[in-house]
Amino acid sequence: MSAGTKGDVADRLGVRYLAGPAEAEVTFTFVTLLARQDRYDRMLTSAEAKGFHAGNSQFLAIDNRRGNNFDGYGAIRRALPEAKGRYIVFTHDDVEFVADGAERLTACLEELTRLDPLWLLAGNAGGVTYGKNARHLRDPHDAEERVTAPTLVESLDENFFVMRRDHPVVNSYDLTGFHFYASDLCRLAEIMGGRSYVIPFLLEHHSPGMIDATFQPSRQRFAQKYRRYFPGRKLQCTVAQFDFGLGGLREGWRETPKSRWDFLDDHVYASPDSKGVGQ
């Protein structure tokens, strides 16, 4: 087959030759878990006043106004294919840009990239080490805690955090709910070889945080998953501490090739008259 014929085939099939990084259409994509329109309008108004506008930002609202269409984990997975910004900014609907704005956030993230090209996530609050948090925000618990430079953390709070579109991290598919989904991303970022930081970007979070009936079940699911991958690890989150201990070693030991095959045999490749998928 001639080179010309090959070229014709590529043209007919609309082949795109990717030879460089993906180009962003705007600087920021804001992804907001939307429960109340009045709070979201306040956030948007403050964002516009601080230099975030249609020319440099894309705004996506995860619409939970009439019920929970998405939890925190699913919201991130839903938004990622839609994002056009260089940086994807995940927020609650009750944050307000009262201090820093677009120029400051751009400068913070560019500085972080210079300091650590392998950063994957950045936010305004997170766990540094067991028993110690780093915070740079105003909220009802404000104790005037601030950072003056990017601070390495092992978890992040969900009220505000940033991901690089060209270095995406996707949430676990086996965890659900509205708690620990940023900490889940931090664990996966660590496994991928990246790092997470609290940066000196100041805004206000109007909520003190909600510990509802779903918190403890979410905490237990998170611990049950990650104690297998981080046995002996002590982990600090902004709203909880974890001491994974060594129990995960026993659980991980059970996850042998044979046990995986037994699961597939029972649930995926099962015969029609056995208890398999769809039964």
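The values are calculated or read from the model by the stated rules, or taken from the named source; none is laboratory data. Bear in mind that the values here come from a model prediction, so they are computed numbers and not experimental data. Neighbour counts are summed over all protein chains in view; Cβ atoms, including those assigned to glycine, are modelled from backbone coordinates with ideal geometry.
Listed here are the residues, each with its yes/no results for (1) in contact with a Gly (Cβ under 9 Å, 6 or more places away or on another chain); (2) outside the structural domain of ASP157 (by TED's automatic domain parsing); (3) among the charged types (D, E, K, R).
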{"site": "GLY51", "(1), (2), (3)": "yes, no, no"}
{"site": "ILE62", "(1), (2), (3)": "yes, no, no"}
{"site": "ARG65", "(1), (2), (3)": "no, no, yes"}
{"site": "LEU80", "(1), (2), (3)": "no, no, no"}
{"site": "ARG86", "(1), (2), (3)": "no, no, yes"}
{"site": "LEU109", "(1), (2), (3)": "no, no, no"}
{"site": "GLY126", "(1), (2), (3)": "no, no, no"}
{"site": "ASP139", "(1), (2), (3)": "yes, no, yes"}
{"site": "VAL147", "(1), (2), (3)": "no, no, no"}
For this session: Run down PHE222, PHE161, PHE242, PHE215 and say which single residue is surrounded by 17 or more Cβ atoms within 10 Å (Cβ to Cβ) and assigned by TED's automatic domain parsing to the domain that holds ASN69.
Result: PHE161
For this session: Please go through the stretch 77-96 and pick out each residue that is in a strand (DSSP E or B) and under 23 Å from ARG42 (Cα atoms).
Result: GLY85, TYR87, ILE88, VAL89, PHE90, THR91, HIS92, VAL95, GLU96
Problem set entry | ASP41 being modelled with pLDDT of 90 or more and assigned by TED's automatic domain parsing to the domain that holds GLY123 | yes
For this session: Have a look at GLU111, GLU48 and point out the one that is farther than 29 Å from MET210 by Cα and not in a loop (DSSP other than H, G, I, E, B).
Result: GLU111
For this session: Hey, could you check the stretch 174-201 for residues that are aromatic (Phe, Trp, Tyr) and within 13 Å of the chain's Cα centre (by Cα) and say which is surrounded by the fewest Cβ atoms within 10 Å (Cβ to Cβ)?
Result: PHE178
For this session: Might you check whether a residue that is within 24 Å of THR214 (Cβ to Cβ), out of contact with any helix residue (DSSP H, G or I) (no Cβ under 7 Å at 6 or more places or on another chain) and crowded, with 19+ Cβ neighbours inside 10 Å occurs anywhere in the stretch 94-101?
Result: no
